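S.K.: What follows is a structure written as structure tokens; I'll ask about it next.
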Amino acid sequence: MSSRYTAELAAEIEQRWQDRWESEGTFHAANPEGDLADAGAAELGEKYFIMDMFPYPSGAGLHVGHPLGYIATDVVGRHQRMLGKNVLHALGYDAFGLPAEIHAISTGEHPRTNTEANMVNMRRQLRRLGLGHDDRRSFATIDPEFVRWTQWIFLQLFNAWFDPELQKARPIAELVEKLGTADPSVIDQHRLAYVSNSPVNWCPGLGTVLANEEVTSEGRSERGNFPVFTRSLRQWNMRITAYADRLIDDLDRVDWPEPVKLMQRNWIGRSHGAHVDFASAAGPIRVFTTRPDTLFGATFMVLSPEHPLVEALTTPEQADAVAEYRAAAVAKTDVERQADKQKTGVLTGSTATNPVNGEQVPVLVADYVLMGYGTGAIMAVPDGDARDAEFAEVLGLPTVQVLQGETLVNSSNADVSLDGLTVEDAKARIVSWLEANGHGTGTTTYRLRDWLFSRQRYWGEPFPIVYDEHDNPIAVPDSMLPVELPEVPDYSPRTFEPDDVTSEPEPPLGRAEDWVHVTLDLGDGPRRYRRETNTMPNWAGSSWYELRYADPHNTDQLVSPANEAYWLGPRESGGTGGVDLYVGGVEHAVLHLLYARFWHKALFDLGHVSSEEPFHRLYNQGYIQAYAFIDARGSYVPADEVVETVSDAGESTFTWNGDPVQREYGKMGKSLKNVVTPDEMYDAYGADTFRVYEMSMGPLDVSRPWETRAVVGAQRFLQRVWRLVVDEESGATVSTDADLDDATLSVLHKTIDGVAADMDGLRFNTAIAKLIELTNHLTKAEVTSRAAVEPLTLMLAPFAPHLAEEIWARLGHESSIVREPYPVADPALLVDDTVLCIVQVQGKVRAKLDVPAAASEEQLTELALAEANVQRAIDGREVRKVVVRAPKLVNIVV
RNA sequence: GCCGACAUGGCGGAAUGGUAGACGCGAUGGUCUCAAAAACCAUUGUCCGAAAGGGCGUGCGGGUUCGAGUCCCGCUGUCGGCACCA
């Protein structure tokens with residue numbers, strides 16, 4: 001039988017090693033304490049905690065783009081293990097969510113059934129990749145034990161308040177003590193998880209409310225693209241705004257890509273300015289402005305249509321016009337408001353007093369002022385703000401010039417003058433004047449809103465909350481967790497006509513009458529309670545799952561302090577702690593990553609974790625894209641049946657069944673008929689080839705097109721490595737124990753040195769290129785000595801682990817390669833006796849010289865000038881200057 | 001509109017301010033074969049040249065520098081985020 005490294009042989013090798021890894025528990029990582037502690041181990045050593053953004057178990061199965069990040073983290077994990085680290089790497093499933101619920105609604109089957117079937121299929125597809133995961137630590141967010149702790153965290157937040165003085169969360173009992181009252185109407189206002197009757201994004205088409213983050217800029221639902229209306233409804237919220245400053249400031253302490261940090265900063269949107277009170281008949285109208293320096297130019301005021309003072313300020317003459325305007329505004333979605341090109345608004349008939357000059361300025365209502373930002377009221381300065389100028393133009397309102405370039409003019413009263421000051425100086429002076437005279441204060445506002453936390457869905461975590469007869473929310477005691485989902489006859493919330501603004505949410509849990517109404521003894525005897533029927537949003541489980549990997553089976557605690565401190569705790573003083581490397585797509589830059597940071601910080605404040613941030617280092621992998629092809633009718637045609645023809649001019653045209661088709665570039669997807677699955681790659685090449693190809697395609701953080709045709713390059717490389725060790729005809733091991741020649745020794749150690757640097761920087765594409773170069777050198781020089789082949793195999797192990805194990809075993813090693821020490825370069829072998837010296841004339845290369853590494857500047861100049869080609873380039877001109885970077889470069893300037 | 005990232009052969013991509021195009025795909029030629037596949041070897045930015053060698057080349061226009069794909073300024077294009085945020 002031939003011993004060629006074919007897909008069949010690869011499959012056999014891969015399966016065999018996967019079985020062995022599993023039976024030997026090769027990737028088990030020991031905990032300091034608890035059920036995963038290793039009694040025999042004396043010392044755990046240095047840890048490395050690596051995480052992927054865990055997958056949603058979709059029914060569609062995987063395409064070749066999905067494993068990219070999982071392969072990359074596996075390469076890192078395997079490399080770290082060979083560096084002697086105790087590596088924690090596991091994969092869970094984010095298994096609540098709408099797709100399973102939609103499937104359940106259409107089939108009548110419980111969402112758990114389908115979700116679990118999908119997980120089985122996904123585990124099978126992923127197992128064949130040979131990922132070095134500790135399977136004991138896998139979980140799904142729908143597991144009752146996981147739900148229990150998600151609910152427990154919710155109760156921690158429910159039973160906590162944010163102390164603005166200390167800038168941290170504290171137990172609610174301390175607030176009760178501080179305020180001297182336990183009155184729910186007071187206390188409930190301060191909880192980190194609280195119920196409020198406030199404007200929310202109501203989506204009748206989905207029958208549920210949505211978080212701001214789930215609403216598109218077009219004012220529609222991210223899912224389903226239904227209109228979303230602002231409605232005041234009683235819903236659960238998370239006080240994430242309390243953490244706005246810490247969420248911004250601590251970005252400076254984590255190792256994240258700058259663009260992601262910037263997106264979070266922009267999302268939180270901290271802006272410094274001032275609150276200014278304008279006196280009016282209805283009392284002071286408070287505005288927020290980032291430009292208090294332009295206060296002398298405020299010629300009118302604008303209130304949002306929802307502003308509470310509108311009614312009191314409206315004069316009888318304007319009552320009809322204002323009522324009509326407000327009614328029209330309410331009926332519009334946010335996007336429709338923005339779609340109106342021309343600004344609109346009406347006078348209230350009242351005026352207010354500009355505190356700096358006593359001017360009576362008219363007060364108007366206009367929908368370009370949003371209730372949700374600042375105070376919902378602005379001072380309008382047509383000279384400073386383009387929108388105010390536009391509105392002033394439309395309504396013929398006056399303008400006063402207060403700015404000349406960057407300098408203030410026309411801005412003084414008897415008490416204070418800003419004239420001639422720069423913007424920054426003027427801001428400081430006017431704010432101190434406002435504060436001294438009781439007209440306002442310097443302040444900071446945020447774009448970030450509190451996190452709307454309830455959904456009218458079935459397939460989510462139930463709230464561990466019941467209501468008493470006064471409708472006060474009461475925590476279900478920890479001993480009764482988890483609160484499990486009841487069986488219901490119908491999994492869908494009631495949905496409405498997408499445009500039905502007046503509809504009211506009706507969650508599916510409301511149908512489980514027996515479940516909703518319960519008798520509980522919460523310490524004061526059995527009483528009747530009503531359960532919360534909303535469920536938590538999809539983000540809940542992913543907001544804390546990093547903690548559970550560290551102690552997945554703990555039934556007494558979320559995570560034991562010792563296990564948390566070991567895996568996540570800060571390792572240097574002032575450090576944030578957190579996962580050592582978190583890899584995933586940039587699409588989670590704000591939502592998931594902001595929510596997870598918020599929960600983690602709250603748990604830190606309450607003393608449950610020692611780390612201040614969940615993810616110390618974040619890395620965004622790129623996406624694998626694909627070409628799709630459309631025929632003349634605009635339908636997608638199967639991409640793998642399209643034929644490419646290249647003209648003599650080098651231009652490609654594409655045909656399908658002889659008909660021309662158009663190529664477009666984008667995602668891989670079933671509907672685009674361009675899906676390539678990992679299973680196809682396993683069958684055609686084997687998992688190791690697939691892994692090497694994905695890692696060699698380009699830098700990990702850049703998106704690039706999939707090209708099945710190019711996978712063979714990775715296979716050829718692995719076949720060359722195989723042949724260095726195994727005779728294809730006989731299957732015999734051909735390695736020798738010969739010493740290496742100087743040239744090979746030098747190439748080997750340069751490779752080890754270069755690959756080590758590339759591994760540290762996650763530059764797997766160039767690391768593989770260097771391994772290919774080494775392999776090509778060994779092949780050409782006919783070197784099969786284990787002195788070269790063993791280090792090559794060790795360096796290849798993170799990328800092609802099965803092949804590396806097999807070669808390692810055939811070289812006579814009995815134990816797995818997984819924890820063999822990674823090769824280290826000998827610095828003495830990195831220096832050559834002679835080096836290539838580039839000789840330039842006027843910056844252009846004119847000669848390449850082999851020179852002694854120790855050559856002096858004078859010697860190099862002499863050698864360079866002696867070259868005929870250099871002399872020809874100088875062409876008799878005077879040498880003005882010679883730049884020498886010994887020993888590699890000489891540049892002659894004439 | 002505001003903010004950010006990116007732009008290199010036919011393709012994916014290499015390149016601490018110092019040889020532009022590593023490595024891979026594809027293509028062309030060859031070895032092996034009755035033949036083919038596979039594998040292996042060679043060539044492969046472009047133009048002039050028999051060769052030696054030379055000209056031109058990293059989206060466009062400037063600049064800094066002995067030397068710029070890389071740094072600075074100004075454009076263009078592509079992608080991403082935010083968007084009446086006061």
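S.K.: Pick out, from A:SER560, A:THR576, A:ILE71, the residue whose Cα sits farthest towards the positive end of the charge dipole of chain A, with +1 on the Cβ of Lys and Arg and -1 on the Cβ of Asp and Glu.
M.R.: So the residue we want is A:ILE71.
S.K.: Could you give the accessible area per residue of chain A, probe 1.4 Å, as a whole number in Å²?
M.R.: 43
S.K.: Work through the residues other than A:LEU485 whose Cβ is under 10 Å from its Cβ and net out their charges, Lys, Arg +1 and Asp, Glu -1.
M.R.: Details: positive: A:ARG112; negative: A:GLU461, A:GLU484, A:GLU487.
Summing Lys/Arg as +1 and Asp/Glu as -1 gives -2.
S.K.: Only Lys, Arg, Asp and Glu count, each charged at its Cβ (+1, +1, -1, -1), so figure out the dipole size of the stretch A:234-385 about its Cα centre, rounded to 20 debye. Can you show the working numbers first?
M.R.: Details: 14 positive and 20 negative charges, 73 e Å.
It works out to roughly 360 debye.
S.K.: Relative to the Cα centre, what is the charge dipole magnitude of the stretch A:343-439, using +1 at the beta carbon of each Lys and Arg, -1 at the beta carbon of each Asp and Glu, and rounding to the nearest 20 debye?
M.R.: 220
S.K.: Same structure again: Taking a spot 7 Å from the Cα of A:THR502 along the direction of its beta carbon, which residues of the stretch A:218-233 have an amide N less than 19 Å from it?
M.R.: Of the residues in the stretch A:218-233, A:228-233 have backbone N under 19 Å from the label point off A:THR502.
S.K.: Taking the full set of protein chains and a 1.4 angstrom probe, give the accessible area of A:LEU370 in square angstrom, rounded to the nearest 10.
M.R.: 100
S.K.: Which lysines, if any, have their Cα less than 26 Å from the Cα of A:LYS780, not counting same-chain residues under 8 positions apart?
M.R.: Cross-link targets: A:LYS750, A:LYS770, A:LYS848.
S.K.: Right, something else. Where a ≥ b ≥ c are the square roots of the eigenvalues of the C-alpha gyration tensor, would you call the stretch A:479-632 rounded, which needs a/c under 1.5, or, failing that, prolate if a/b is larger than b/c, or oblate?
M.R.: Since a/c reaches 1.5 but b/c is at least a/b, the shape of the stretch A:479-632 is classed as oblate.
S.K.: I've got another one for you. Please work out how much accessible surface A:ILE465 shows to a 1.4 Å probe, ignoring ligands, DNA and RNA, in Å² rounded to 10.
M.R.: Accessible area of A:ILE465: about 0 Å².
S.K.: Which percent of the accessible area of the stretch A:352-424 is formed by carbon and sulfur heavy atoms (probe 1.4 angstrom)?
M.R.: C and S fraction of accessible area: 50 percent.
S.K.: Further question: Given a Förster distance of 22 angstrom, what is the FRET efficiency for A:GLN125 paired with A:GLU487, based on the Cβ-Cβ distance and rounded to 0.05?
M.R.: 0.10
S.K.: Please report the carbon-and-sulfur percent of the accessible area for the stretch A:465-571; probe 1.4 Å, protein heavy atoms only, DNA, RNA and ligands left out.
M.R.: Values: 2230 of 4780 Å².
Taking all protein chains in place, the stretch A:465-571 shows 47 percent carbon and sulfur surface.
S.K.: A follow-up question, please. Subtract the Cα-Cα distance of A:THR216 and A:ALA854 from 0.36 nm times their separation in residues, and report this length gain in nm to one decimal.
M.R.: 223.3 nm
S.K.: If you count only protein heavy atoms and use a 1.4 Å probe, how large is the accessible surface of A:LEU672, to the nearest 10 Å²?
M.R.: 40
S.K.: I would also like to ask the following. How would you classify the stretch A:1-133 from its alpha-carbon gyration tensor, with a ≥ b ≥ c the square roots of the eigenvalues: rounded for a/c under 1.5, else prolate if a/b is greater than b/c, otherwise oblate?
M.R.: Numbers: a/c = 2.23, a/b = 1.31, b/c = 1.71.
In terms of gyration-tensor shape, oblate.
S.K.: Within straight cross-link reach of A:LYS261, meaning Cα distance under 23 Å, which lysines are found once same-chain residues fewer than 8 apart are removed?
M.R.: The reachable lysines, counting only those whose Cα sits under 23 Å from A:LYS261, are A:LYS168, A:LYS601.
S.K.: Identify, among A:SER304, A:SER271, A:SER221, the residue whose Cα sits farthest towards the positive end of the charge dipole of the stretch A:159-314, taking +1 on the Cβ of Lys and Arg and -1 on the Cβ of Asp and Glu, with the dipole about the Cα centre.
M.R.: A:SER221
S.K.: Kindly rank A:10-18, A:319-327 from highest to lowest mean number of other beta carbons found within 10 Å of each residue.
M.R.: Ranking, from highest mean packing down: A:10-18, A:319-327.
S.K.: Among all the aspartates and glutamates, which ones have a C-alpha under 16 Å from A:LYS178's C-alpha, if same-chain residues fewer than 8 places away are not counted?
M.R.: Within reach: A:ASP163, A:GLU165, A:ASP188.
S.K.: Relative to a virtual label point 7 Å from the Cα of A:ARG663 in the Cα→beta-carbon direction, which members of the stretch A:707-721 show backbone nitrogen distances below 15 Å?
M.R.: What the label zone holds, given the 15 Å backbone N cut-off, is A:707-710.
S.K.: Same structure again: Please report, in debye to the nearest 20, how large the charge dipole of the stretch A:52-115 is about its Cα centre when each Lys and Arg carries +1 at its beta carbon and each Asp and Glu carries -1 there.
M.R.: About 360 debye.
S.K.: Classify the stretch A:755-879 from the C-alpha gyration tensor, please: rounded if a/c falls under 1.5, else prolate or oblate depending on whether a/b exceeds b/c. Kindly include the intermediate steps, with their values, before the conclusion.
M.R.: Working: a/c = 3.30, a/b = 2.99, b/c = 1.10.
Judged from the Cα gyration tensor, the stretch A:755-879 comes out prolate (a/c at least 1.5, a/b above b/c).
S.K.: What is the sum of charges, Lys and Arg at +1 and Asp and Glu at -1, for the other residues whose Cβ falls under 11 Å from the Cβ of A:VAL835?
M.R.: Numbers: positive: A:LYS848, A:LYS888; negative: A:ASP832, A:ASP833, A:ASP850.
Overall, the nearby charge balance is -1.
S.K.: As I understand it, the value is the acute angle between the Cα axis of helix A:857-866 and the longest principal axis of the Cα atoms of chain A; what does it come to in degrees, rounded to 10?
M.R.: For helix A:857-866, the angle is close to 70 degrees.
S.K.: Related question: How much net charge surrounds A:ASP135 when only other residues with a Cβ under 11 Å from its Cβ are counted (Lys, Arg +1; Asp, Glu -1)?
M.R.: So the environment of A:ASP135 carries a net charge of +2.
S.K.: Also, quick follow-up: Just going by the charge dipole of chain A, with Lys and Arg at +1 and Asp and Glu at -1 on Cβ, which of A:THR834, A:ILE13, A:THR533 is farthest out on the positive end?
M.R.: Checking the options against the dipole of chain A, the answer is A:THR834.
S.K.: Could you check the simple spin-label distance between A:GLU116 and A:THR555, using points 7 Å along Cα→Cβ, in nm with one decimal?
M.R.: It works out to 1.9 nm between the two label points.
S.K.: Points 7 angstrom from Cα along the Cβ direction at A:GLU641 and A:GLU393: gap in nanometres?
M.R.: 5.7
S.K.: Go ahead and run the numbers for FRET between A:ALA279 and A:GLU317, Cβ-Cβ distance against an R0 of 22 Å, rounding to 0.05.
M.R.: 0.55
The values are calculated or read from the model by the stated rules, or taken from the named source; none is laboratory data. Only a predicted model underlies this, so the values are computations on that prediction, with no experimental measurement involved. Because the Cβ atoms are built from the backbone with ideal geometry, glycine has one as well, and the counts that use them run over all protein chains shown. Calculation scope for accessible area: heavy atoms of the full protein, side chains included, ligands and nucleic acids excluded. Shrake-Rupley method; radii C 1.70, N 1.55, O 1.52, S 1.80 Å.
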